[in-house]
Amino acid sequence: MAKSNTQDIPKHYNSNATEEKWYKYWEDNGYFHSEPDEREPYSVVIPPPNVTGVLHMGHMLNNTIQDVLVRRARMLGKNACWVPGTDHASIATEAKVVQKLRSEGIKKSDLSRDEFLEHAWDWTHQHGGIILQQLKKLGASCDWQRTRFTLEDDLYDAVIDCFIDLYDRGYIYRGLRMVNWDTTAQTALSDEEVIHKEVTSRFYHVRYRLKDSDEHVVIATTRPETILADTAVCVNPKDERYSHLIGKTAIIPMVNREVEIIADEYVDPEFGTGCLKITPAHDPNDYELGLKHGLEVVDMLNPDGTVADFIGFYAGEDRFMARKKIVKDLEKEGLLLKVEDIKNSIGYSERTDSVIEPRLSLQWFCRMDELSKPALKHVLNDEIKFHPAKFKNSYRNWMENIRDWCISRQLWWGQRIPAWYYGDGDDDYVIAKTADEALEKAREKSDNSRLDESQIRQDEDVLDTWFSSWLWPITVFDGFKDPDNEDISYYYPTDDLVTAPEIMFFWVARMIMAGYAFRDEKPFSNVYYHGIVRDEKRRKMSKSLGNSPDPLELIEQYGADGTRAGMLFSSPAGNDLLFEESLCEQGRNFSNKIWNAYRFLTLNMNGGETYEPTTKIDPENIADKWMMGRIQATLREMEDDFSKFRLNEALKKIYSLIWDDFCDWYIEACKADDYNEQMPKENLERALGFFELLMKMLHPFMPFITEEIWQRIQERGRDEALTISPWPEDTGETYEDAVKLFKTVQSHISAVRNIQAEMNLAPREPLTISIKPDSSSLASNLETAGWVYRKLLPVEQISFDTNAEKPKASAAAVVDGTEIYVPLEGLIDFEKEKERIRKEIGRTEGFLNGVKKKLANKKFVENAPEAVVEKERQKLADAETNLQKLKAQLGEFGDS
């Protein structure tokens, strides 16, 4: 029941006060919290942001989409559970802690592991969780009581249990392999953590002398510093240029190391000089050749990318400085023949942007060939659906060419690898969760019952962060701690995952593998890949480029609702979005439009009188039937959009329904016949009823303004908040005839308004309108809707007659076969209008002559592009048509 309360309604909508008020109300009443019950569950797990991160534009888009889906599911009557949380982010967090300690004059190397972790936890407690608080500003309706952290005790234990289980099943092994080495973070990285960029590199041609000979060979390399670690020179056995050199000895420049010239078909005779330097310690392909040919491995670099002392040259120098120096020295020795520029692909660390160094290292790996098979199968057969489906192709390509996952990281912040060493042999280790269990296993494996705790040591490395987040849909519901608990049984598999395609392989694929590996079922049913937020130059928005607005400042300026709408307006399903701040302004303007519509309706209330909002329409009122028909049609269209994750299309539909249909047409049709009178009560009650329906449909997208309007229209109890109200019902009714008729009336009214604008008529100047429908049935229907014309136009007299003739000196329009005439006598100065038309005829004739001359020019027609000539011909046709119209208009005024 609504009451007039216009004194309480501010003239301008205050988004900041409204958002703070309603978010607190929602939280205080526990609307976002979920517990298993008899309802259908709808569960979503948040892609956990870095624990020390802050909100950026990618988070804004990702979480806005999730919130829209979750809020709608809640209104559909499902038991919606959106689990929030954060990721410990080993590399990023450790780097920040190391940086902080450095600023305080403390080196990581000066601290024990426990001392460093104490600093890391202090940092996490100080900065962690900020981003979750910022998500509340956005309106994210997460179940905050379920917030998880990948390094909390239970999730830590789950990761260790996962490692032990996979080790026992033969999936995890330890091996010396060529890995991607980040010299800044000083840790190994998986292939997916390496970003490849095409760059321009220098290609150095260097002469290698042959032993006991005047001959030499020339190799070409982009990494001359690694010459110091060469242990062979290799040529193709079929390359006649070098066949006589196979088996001879080459002298490595600078270090004067003697190496054999070997032959292998791996060498491409067409690339470079066709003669390769082989550096097994610093190139993955060279490493494989080294294994095949039994070559020595010389590792010339320290973990931080500096040259090792034992090499004898450039000791302690950074690898790139060593490159500059060796180039100078080679040139001085007369061994550098030439340098050229080439384009090549260089790997960079996804976290530190440091150039990746291939490095031979003893690491822990997870075999992926078997784990990947069910994960590939169930995406290709659509048990797990990708939206858009185009991403299945890249997923399949990656999965079919998957390589073993390097899961160890040379860091301290993270889940420590549960491997315990008791000797110096490659196999002198056991896998155990605790030191006591490890000691027992070590005694048994070593057959040494006298081993004690001081003789075993745990692996110093931690597990890849993704090795914890791949378990996220399981661990947030404690699926490892208690595999059959009520939560995991009810909420798992989850429903929708919303993420970016750039972490498809990092995270999505691995979660799917983990789902089938540990629970033998999918982790989610749908994956929606949204695009990357880019600027107008199509660059990814980032702080480093300085092209990203501060999301919190956007919310402050445009409101959370306006910002959410702006993000979605620019977000086509599955494609990158070109963000424009003007779209957030459009979202804010939409909030203001809604607010002003509500204010207008309340201003039509009589003080002290009560109103009953209703959607029970007047069967004789075409505007009511049209509005209800439009609402029902939009509901069906939005349902289709939601099923295809086309959220931007769904938003545009409800936006148009509210702004165009409800505000610009329906409210106008509801007004009193006399401008000075208030809207009839029955009209106002139906308008309020429709407004409530529209607020429900808009709520998932713009939750704050809709809750505010909803609570103002009627007094609501705790169980009647909009955020938990049922989604509007699709009644199946279309009101097809009424919608079609009202659409015709709209087009007629728009045509008359165009005439008013073209003829410079005053908006309220009374008009005589003659409408000539193309059928008697349409004339009859339009007659019944005549009141709409009278309501929305300044009609003095209107007629609907299939035999009507065009009055003299009248403006005319034709709409779908129906002719519309507006006599102009008495509305305009005929003499002035005739003079205006004569001038326009003269201007058009001049333009026409110019176009004719151009087209009469044979050179122009024969030499100009066909499209240009065709454009001129179209100009000619348009000008001739306009000239005919102008002369006809002049004739209407008794002139020729």
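Numbers at a glance
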read-out	value
Matching residues in the range 596-634 - criterion: being among the acidic types (D, E) and without any contact (Cβ under 8 Å) to a residue 24 or more places away in the chain	E620
All helices (runs of 4 or more DSSP H) inside the range 375-475 with 3 or more residues being farther than 26 Å from E115 by Cβ	391-400, 435-446, 472-475
The one condition in (1) closer than 20 Å to F477 by Cα; (2) small (G, A, S); (3) within 18 Å of the chain's Cα centre (by Cα) that G58 fails to fulfil	(1)
The lone exception for L855 - which of (1) open to solvent by 70 Å² or more (accessible area, probe 1.4 Å); (2) farther than 30 Å from I771 by Cβ it fails	(1)
Any hit, the range 671-680, residues being at negative phi, part of a loop (DSSP other than H, G, I, E, B) and aliphatic (A, V, I, L, M)	yes
Residue list for the range 31-56, restricted to those being open to solvent by 30 Å² or more (accessible area, probe 1.4 Å) and within 25 Å of I705 (Cβ to Cβ)	H33, H56
Residue in the range 761-770 that is crowded, with 20+ Cβ neighbours inside 10 Å, in contact with a Ser or Thr (Cβ under 7 Å, 6 or more places away or on another chain) and within 21 Å of E825 (Cα to Cα) present	yes
Hits in the range 660-685 - residues which are buried (at least 20 other Cβ atoms within 10 Å of the Cβ) and under 25 Å from N589 (Cα atoms)	D661, F662, W665, Y666, I667, A669, C670, L684
Meets criteria (touching a strand residue (DSSP E or B) at 6+ places or on another chain (Cβ under 7 Å), under 23 Å from D464 (Cα atoms) and open to solvent by 40 Å² or more (accessible area, probe 1.4 Å)) for L411	no
Condition check for R716: of a type in the set (K, R), within 30 Å of E19 (Cβ to Cβ), free of Cβ contacts under 8 Å to residues at least 60 places away in the same chain and surrounded by 12 or more Cβ atoms within 10 Å (Cβ to Cβ)	yes
F506 being in contact with an Asp or Glu (Cβ under 6 Å, 6 or more places away or on another chain) and part of a helix (DSSP H, G or I)	yes
I798 within 27 Å of K671 (Cα to Cα) and in contact with a Gly (Cβ under 7 Å, 6 or more places away or on another chain)	yes
Condition check for A435: out of contact with any strand residue (DSSP E or B) (no Cβ under 6 Å at 6 or more places or on another chain), open to solvent by 30 Å² or more (accessible area, probe 1.4 Å) and of a type in the set (A, V, I, L, M)	yes
Given (1) buried (at least 16 other Cβ atoms within 10 Å of the Cβ); (2) within 23 Å of R359 (Cβ to Cβ); (3) touching a Phe, Trp or Tyr at 6+ places or on another chain (Cβ under 9 Å), index of the condition C275 fails	(2)
Flag if G305 is at positive phi and buried (at least 20 other Cβ atoms within 10 Å of the Cβ)	yes
Checking K292 against (1) touching a strand residue (DSSP E or B) at 6+ places or on another chain (Cβ under 9 Å); (2) farther than 17 Å from P224 by Cβ; (3) basic (K, R), the condition it does not meet	(1)
Residue that is farthest from I820 (Cα to Cα) [pool: residues in the range 734-779 that are touching a strand residue (DSSP E or B) at 6+ places or on another chain (Cβ under 8 Å) and of a type in the set (D, E)]	E758
Count of the range 162-176 residues which are touching a residue at least 40 places away in the same chain (Cβ under 8 Å) and farther than 24 Å from I503 by Cβ	9
Residue within the range 491-510 that is under 15 Å from C162 (Cβ atoms) and surrounded by fewer than 18 Cβ atoms within 10 Å (Cβ to Cβ) present	no
Matching residues in the range 593-639 - criterion: being in contact with a helix residue (DSSP H, G or I) (Cβ under 6 Å, 6 or more places away or on another chain), not acidic (D, E) and not in a helix (DSSP H, G or I)	N604, Y611, P613, T614, T615, I617
Selection within the range 281-302 - open to solvent by 20 Å² or more (accessible area, probe 1.4 Å) and closer than 18 Å to E357 by Cα	D283, P284, N285, Y287, E288, V297, D299, N302
Test for S394: is it open to solvent by 30 Å² or more (accessible area, probe 1.4 Å) and under 30 Å from T184 (Cβ atoms)	yes
Restricting the range 523-547 to residues that are small (G, A, S) and under 16 Å from the mean Cα position of the chain (by Cα), the residue that is most open to solvent (accessible area, probe 1.4 Å)	S542
Matching residues in the range 109-145 - criterion: being farther than 23 Å from V476 by Cα, open to solvent by 50 Å² or more (accessible area, probe 1.4 Å) and in contact (Cβ under 8 Å) with a residue 12 or more places away in the chain	H119, K137
Qualifying residues in the range 589-623 (those that are of a type in the set (F, W, Y) and open to solvent by less than 60 Å² (accessible area, probe 1.4 Å)) - the one farthest from the chain's Cα centre (by Cα)	Y611
Scope the range 565-585; condition in contact (Cβ under 8 Å) with a residue 24 or more places away in the chain and in a helix (DSSP H, G or I); matching residues	A565, M567, L568, F569, E581, C584, E585
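Table: residues versus (1) of a type outside the set (S, T, N, Q); (2) under 54 Å from the mean Cα position of the chain (by Cα); (3) exposed (fewer than 13 other Cβ atoms within 10 Å of the Cβ).
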{"position": "K832", "(1), (2), (3)": "yes, no, yes"}
{"position": "T844", "(1), (2), (3)": "no, yes, no"}
{"position": "A877", "(1), (2), (3)": "yes, yes, yes"}
{"position": "L883", "(1), (2), (3)": "yes, yes, no"}
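Each row is one residue, and each column tells you yes or no for (1) free of Cβ contacts under 8 Å to residues at least 24 places away in the same chain; (2) part of a loop (DSSP other than H, G, I, E, B).
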site	(1), (2)
W727	no, yes
T734	no, yes
H748	no, no
R753	no, no
A757	yes, no
E765	no, yes
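Quick grid of which residues meet (1) of a type in the set (S, T, N, Q); (2) touching a Cys at 6+ places or on another chain (Cβ under 7 Å); (3) crowded, with 18+ Cβ neighbours inside 10 Å; (4) part of a loop (DSSP other than H, G, I, E, B):
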residue: F310; (1), (2), (3), (4): no, no, no, no
residue: F313; (1), (2), (3), (4): no, no, no, yes
residue: K325; (1), (2), (3), (4): no, no, no, no
residue: D329; (1), (2), (3), (4): no, no, no, no
residue: V339; (1), (2), (3), (4): no, no, no, no
residue: G347; (1), (2), (3), (4): no, no, yes, no
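The values are calculated or read from the model by the stated rules, or taken from the named source; none is laboratory data. As the structure is a prediction and not an experimental result, all values here were calculated from the model. As a convention, Cβ positions derive from the backbone with ideal geometry for all residues, glycine included, and neighbour counts pool all protein chains shown. With ligands, DNA and RNA removed, areas are computed over all heavy atoms of the protein, side chains included. Shrake-Rupley method; radii C 1.70, N 1.55, O 1.52, S 1.80 Å.
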